[in-house]
1. Conditions first: (1) of a type in the set (Asp, Glu); (2) assigned to a helix (DSSP H, G or I); (3) over 28 Å from Lys247 (Cα atoms). Glu74 passes all but one, so which condition is the exception?
2. Filter segment 321-339 for residues that are basic (Lys, Arg) and free of Cβ contacts under 8 Å to residues at least 40 places away in the same chain; which is surrounded by the fewest Cβ atoms within 10 Å (Cβ to Cβ)?
3. Going by the conditions given, is Arg44 modelled with pLDDT of 85 or more and in a helix (DSSP H, G or I)?
4. Can you tell me how many residues in segment 188-198 are surrounded by fewer than 16 Cβ atoms within 10 Å (Cβ to Cβ) and either on the phi < 0 side of the Ramachandran plot or of a type in the set (Lys, Arg) (or both)?
5. For Cys185, only one of the following conditions fails: (1) buried (at least 18 other Cβ atoms within 10 Å of the Cβ); (2) at negative phi. What is its number?
6. Taking into account only those residues within segment 1-59 that are touching an Asp or Glu at 6+ places or on another chain (Cβ under 9 Å) and among the hydroxyl-bearing types (Ser, Thr, Tyr), which is least open to solvent (accessible area, probe 1.4 Å)?
7. Could you tell me whether any residue of segment 103-113 is more than 30 Å from Val345 (Cα to Cα), among the charged types (D, E, K, R) and either at pLDDT below 90 or in contact with a helix residue (DSSP H, G or I) (Cβ under 7 Å, 6 or more places away or on another chain) (or both)?
8. Filter segment 223-243 down to residues that are farther than 20 Å from Arg257 by Cβ and among the β-branched types (Val, Ile, Thr) and give me whichever is least open to solvent (accessible area, probe 1.4 Å).
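The values are calculated or read from the model by the stated rules, or taken from the named source; none is laboratory data. Owing to the predicted nature of the structure, the values given are computational and were not obtained by experimental measurement. Virtual Cβ from ideal backbone geometry, glycine too; neighbours counted across all protein chains shown. Heavy atoms of the whole protein, side chains included, go into the accessibility calculation; ligands, DNA and RNA do not. Shrake-Rupley method; radii C 1.70, N 1.55, O 1.52, S 1.80 Å.
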Amino acid sequence: MAQGILNLVAEDIDRKISPNSLAFRINPKRNESNRQKFFKSWYREWPKFVRRIRQSVSQTHPCLVVTDIAGYFEQIDLRILSDMLLTAEVPREVIDLIFTQLEKWTWRDGFVASKTRGLLQGNDVASVYANYYLSDVDEEMSGGTLIFQRFMDDINIHVASKSDGKRALSNLGIALRKKGLTLNCSKTTVVEGAEIDRHFSWDVSDALEANLNDLRQLGDVVAVRHERQRLRRVILNLAVPNPHLLKRLITAYTWARDRRFVKEAVALLEANPDLTPKLTSYFRSLPTDRPLLSVVDFLDDPARNVFPAQEQALIENLLLASISRAPTQQRLAALARSKSGDLSVDPYSRALYVLLAYRCGEIVDLERLVDRYLANQEHDILPRKHLALCVTRLNDPARLQTVVDRLVQEADPSLR
């Protein structure tokens with residue numbers, strides 16, 4: 001449903017976003033075939049964004065302001081976003097449908113007190129609205145002598161001098177405060193000349209892209225592996241951590257299905273929760289169960305700082321993974337039994353642990369979970385798509401029919 005609504009408004013929204021913003025732009029070829037994606041691929045758009053940064057450094061613009069927005073997705077004011085959509089001539093009834101879906105993804109009763117701020121991060125549809133939220137900031141900051149470029153909340157401003165950079169930062173801060181946003185001071189700097197090269201690690205970035213190209217072309221496997229290992233050491237030891245280089249490095253190890261990165265990947269789970277989607281793809285790409293056990297150890301360690309959204313992404317990774325060895329299955333079952341009954345665990349995560357236990361052959365808690373669903377207990381936090389798939393295997397026709405009737409009554413398109 002959310003994608004269908006977006007289809008109605010996407011072109012109107014996209015037209016109002018500056019060409020200097022490259023995140024989640026509509027793919028003009030999306031209707032040509034089923035193989036075309038609705039959005040332009042981030043892994044092509046991000047390198048294009050980086051190239052623009054490099055090309056815009058010149059004699060007239062030798063200085064660069066680098067910044068991003070503090071807690072961007074969490075701080076988006078939904079009332080302001082609603083007014084912006086009205087200004088874009090989106091009908092009120094369509095806006096109501098959009099926000100019904102956005103709030104359903106973002107909030108759960110008893111989990112957050114306010115429903116006026118925040119969008120779900122990592123969701124493509126929500127990300128389109130998040131990108132649109134800054135469209136008037138793009139317009140306000142563009143023009144004049146500076147060059148303003150943005151990739152979601154990553155912002156770069158090319159200026160003639162460091163003093164011009166400080167003035168641009170001040171103006172940007174004023175524009176963002178109107179929308180209830182602030183700059184991330186720890187990631188804000190004005191750099192010039194060789195400082196720009198060091199900040200972005202252009203040499204490492206170029207070498208990493210070359211390594212990915214070698215992987216695509218299936219060149220000298222040993223040489224490509226040695227180069228990847230060298231880049232891993234360089235990137236993990238950079239004085240200024242670069243999350244985008246880390247993402248590309250994880251991509252390289254994922255494509256190569258290389259197990260030599262598992263230890264560092266587990267460490268990154270705690271140090272960089274934003275990398276969780278990329279890291280789960282890496283773990284799932286590997287041909288053995290050992291990486292999955294590393295994820296289990298991570299989730300089972302009480303000393304680890306695991307955020308609920310991160311925990312849920314990792315559990316879903318375990319639900320989708322191919323498990324070949326009985327000891328791994330037993331270890332997953334033990335984790336699921338322990339966590340599904342732990343009241344300190346987020347309720348949505350507990351429901352996912354119940355499904356994980358079922359995946360490992362334990363069905364009693366699943367029946368209890370289904371009965372809670374039918375009794376309208378904790379209704380909003382149940383992962384219904386996973387639940388529906390599991391319920392179809394219950395050896396209980398009456399319970400199955402009751403669940404199917406309820407899902408049809410709720411008219412959830414993803415389950416039909």
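1. (3)
2. If we take residues in segment 321-339 being basic (Lys, Arg) and free of Cβ contacts under 8 Å to residues at least 40 places away in the same chain, then Arg325 is surrounded by the fewest Cβ atoms within 10 Å (Cβ to Cβ).
3. no
4. Count: 6.
5. (1)
6. So the residue we want is Ser21.
7. No, the conditions are met nowhere in segment 103-113.
8. It comes out as Val234.
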